[in-house]
Amino acid sequence: QVQLLESGGGLVQAGGSLTLSCVTSGTIFRLIRMGWYRQVPGKQRELVARISKTNTTDYADSVKGRFTISGDVAKNTVHLLMNTLKPDDTGVYYCHAYGADSSYDPSRDYWGQGTQVTVSS
């Protein structure tokens, strides 16, 4: 089964930068979009940023102007450049993709295992 492989999390001081990357272990069929979600304890997972196969991007209001999502959905790769990080950006970041296991299967959500981002004040 295809997996989403994340890298780039870590500990950074407020005002610093980090880049998260996500690649797939195989081919996802009919891949429409990829993106990043964030989750903190006691709260629901929330969208941070996403990019479609037509390169349309979408950002949470809290990260607009600071985060940039890029990548090549057709090549199953996405990156998230996070600048001017704040303590409120702390959380587990999950890579997400929407597509199918094969041309015969229905579309579904794919999730990475999550990578911790901690921003110290």
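Computed quantities for the displayed model
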item	result
Of all accessible heavy-atom area on segment 1-54, the percent that carbon and sulfur account for (1.4 Å)	50 percent
Mean separation of Cα contacts under 8 Å, 6 or more apart, over the residue count of the chain: relative contact order %	36 percent
Whole-number percent relative contact order across segment 37-93, with pairs defined as alpha carbons under 8 Å at least 6 apart	32 percent
Sparse-neighbour loop sites [chymotrypsin sites (Phe, Trp or Tyr not before Pro); segment 12-121; at most 13 other C-beta within 10 Å; DSSP]	Y104
Per residue accessible area of segment 1-97, 1.4 Å probe, in Å²	52 Å²
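The values are calculated or read from the model by the stated rules, or taken from the named source; none is laboratory data. Not measured: the values here are computed from a predicted model. Cβ coordinates were reconstructed from backbone atoms using ideal geometry, including for glycine residues, and neighbour counts include every protein chain displayed. To get the accessible areas, we keep the full protein, side chains included, count just its heavy atoms, and leave off ligands, DNA and RNA. Shrake-Rupley method; radii C 1.70, N 1.55, O 1.52, S 1.80 Å.
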